[in-house]
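Input: a single structure, listed below in structure tokens.
The values are calculated or read from the model by the stated rules, or taken from the named source; none is laboratory data. These figures come from a predicted structure and were not determined experimentally. With ideal geometry, Cβ positions are generated from the backbone for all residues, glycine too; neighbour counts draw on all protein chains shown. To get the accessible areas, we keep the full protein, side chains included, count just its heavy atoms, and leave off ligands, DNA and RNA. Shrake-Rupley method; radii C 1.70, N 1.55, O 1.52, S 1.80 Å.
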Amino acid sequence: MSLIFNSFPYLLGGALETIKLAFLAVLVGCVLGLVVGLGRLSGQRVIRALAAFYVDFLRGTPLLVQVFIVYFGFPQILEQLGSPVTRIPPFWAALIAFSLNSGAYVAEIFRAGIQSIHRGQMEAARSLGMTYGQAMRYVILPQAFRRVIPPLGNEFIALLKDTSLLSVIGITELTRRGQIIIASTFRPFEIWFTVALIYLALTFSISRLVNFLERRLDVADDKS
Amino acid sequence: MIRVRGLKKRFGRLEVLRGVDCDIDQGEVVVIIGPSGSGKSTFLRCLNMLEEPTEGSIIIDGVELTSPSTNLNLVRQKVGMVFQSFNLFPHKNVLENVTLAPVVVKKLDRAAAERLALELLRKVGLEDKARAYPDQLSGGQQQRVAIARALAMQPAVMLFDEPTSALDPEMVGEVLAVMRDLARDGMTMVVVTHEMGFAREVGQRVMFMDEGRIVEEGPPDKIFYRPENPRTQTFLSKIL
Ligand SMILES: Nc1ncnc2c1ncn2[C@@H]1O[C@H](COP(=O)(O)OP(=O)(O)OP(=O)(O)O)[C@@H](O)[C@H]1O
Ligand SMILES: [Mg+2]
């Protein structure tokens, strides 16, 4: 018991790192995902193909391999390009890889959200003289955003759990800190169990938060 | 006002419009009738380029819609459309539904847009619903908001695609009344509808469309009571 008690602050520090990474990655992923998701629906074939390739590549390869490509692969390219800085700090490598990955999943979420809006909405907007961009911005996206909150929440949770992979490039997030404590205490059961519970507390809180947001917007939706 | 020549529209192999010609004058109210699938909606949607014609030309107010250099967004500002399913913006209240396009497209300042919107809402009898959201309104009320929304762009032509066929019978009258007022004010209107009463009272010309062509046209009483084409006769015998 005292073991858990003593290691708790250290583990919580790791949890903070975990949240920070997942949150930043989802944030960047949302921006990327919006761009790529709109690209998937573009009238331009080339843009559509590029967006599809991006999504397929990032969803069709393991996240760990993507992390390795950024962490170990990019420095090699940087070196060959003659860049003065070739080392990418683990945190940045992780953030880049996770953001790119998340962008692909979020793109599909946005695409589905946009496509779920009845096409009469786009037609009504266009018939009033709005451009495609104006119709998206003022009519389609505001409605789509409400619908994508639950799947975005799931994406956030998935990403948060995946950050445990990052122990392999030496980021001292929650899982890595568990390993470190066990290396000196030899108490794997208690520590891994505690680590698991902390993850659970995080994911549970997020899903409650998402439910709450969804209900708030539903109320707004009922009114609207 | 509107001049259509040799208009054809194909969806893949399906030829939905097979050469439509017509001229519609300023202030004229034209009613289009015809069996399901005859291409009525497709024709209307070509008139504001929601569908791109495969062949032929459409000239509205001197602007050739089918020419590649035409700015369609400008054209659509002049051609209002009212849909069977209303298509109000559910996340915006009635006032915002009406002001959105004038503010975003015409860059009208908000106060002016709201003044215009309230005036139009008064015209369609819904001034007191300005702050309501679409799903708090009946179908008839929603359709009247949709008409006000289209009018807010001050179009030269209004297209109506079966504006009352999604409505409960008791709400049809209120929407037709608004359309009647509009016609009386001199609006050029192209209306797809099977409301005979409306067609006879307000329509100056009825076109019967079948299999992608205008098969017969003329004054309402002639088309409804003395149709010459056998297909018109068959169709009318079914719906009258
Ligand atoms: N986007 C589309 N893609 C393929 N086919 C289409 C499309 N839009 C319409 N059609 C087809 O074109 C034909 C004519 O459709 P349209 O909607 O113009 O008929 P309509 O006269 O309005 O019929 P209704 O009275 O049922 O509304 C139909 O066979 C329809 O299935
Ligand atoms: Mg139709």
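See the values below:
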{"item": "Within segment A:113-146, tally of residues that are closer than 12 Å to B:Phe83 by Cβ, facing chain B (nearest Cβ under 9 Å) and surrounded by fewer than 16 Cβ atoms within 10 Å (Cβ to Cβ)", "result": "2"}
{"item": "Residues of segment B:184-218 that turn out to be open to solvent by 20 Å² or more (accessible area, probe 1.4 Å), within 21 Å of B:Ile60 (Cβ to Cβ) and out of contact with any Lys or Arg (no Cβ under 8 Å at 6 or more places or on another chain), as a count", "result": "6"}
{"item": "Scope segment B:10-43; condition loosely packed, with under 14 Cβ neighbours inside 10 Å, within 15 Å of ligand 1 (Cβ to nearest atom) and of a type outside the set (Lys, Arg); matching residues", "result": "B:Phe11, B:Gly12, B:Leu14, B:Ser36, B:Gly37"}
{"item": "So B:Gly80, is it away from ligand 1 (no atom under 16 Å from the Cβ), farther than 20 Å from A:Ser127 by Cβ and either in contact with an Asp or Glu (Cβ under 7 Å, 6 or more places away or on another chain) or open to solvent by less than 40 Å² (accessible area, probe 1.4 Å) (or both)", "result": "no"}
{"item": "Those residues of segment B:122-133 which are away from chain A (no Cβ under 11 Å) and either open to solvent by 40 Å² or more (accessible area, probe 1.4 Å) or assigned to a strand (DSSP E or B) (or both), in sequence order", "result": "B:Arg122, B:Lys123, B:Gly125, B:Glu127, B:Asp128, B:Lys129"}
{"item": "Which numbered condition B:Met196 fails, given (1) within 28 Å of B:Ser36 (Cα to Cα); (2) modelled with pLDDT of 95 or more", "result": "(2)"}
{"item": "Only listed residue being surrounded by fewer than 20 Cβ atoms within 10 Å (Cβ to Cβ) and at pLDDT 95 or above, chosen from B:Gln136, B:Gln141", "result": "B:Gln136"}
{"item": "Search result, residues across segment B:10-43 that are more than 14 Å from chain A (Cβ to nearest Cβ), out of contact with any Phe, Trp or Tyr (no Cβ under 8 Å at 6 or more places or on another chain), within 16 Å of ligand 2 (Cβ to nearest atom) and not in a strand (DSSP E or B)", "result": "B:Ser36, B:Gly37, B:Ser38, B:Gly39, B:Lys40, B:Phe43"}
{"item": "Among the residues listed as B:Met207, B:Met158, the single one being of a type in the set (A, V, I, L, M) and within 16 Å of ligand 2 (Cβ to nearest atom)", "result": "B:Met207"}
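For every residue, the table says whether it meets (1) in a loop (DSSP other than H, G, I, E, B); (2) more than 15 Å from ligand 1 (Cβ to nearest atom); (3) open to solvent by 20 Å² or more (accessible area, probe 1.4 Å).
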position	(1), (2), (3)
B:Lys8	no, no, yes
B:Arg45	no, no, yes
B:Thr66	yes, yes, yes
B:Leu74	no, yes, yes
B:Pro102	no, yes, no
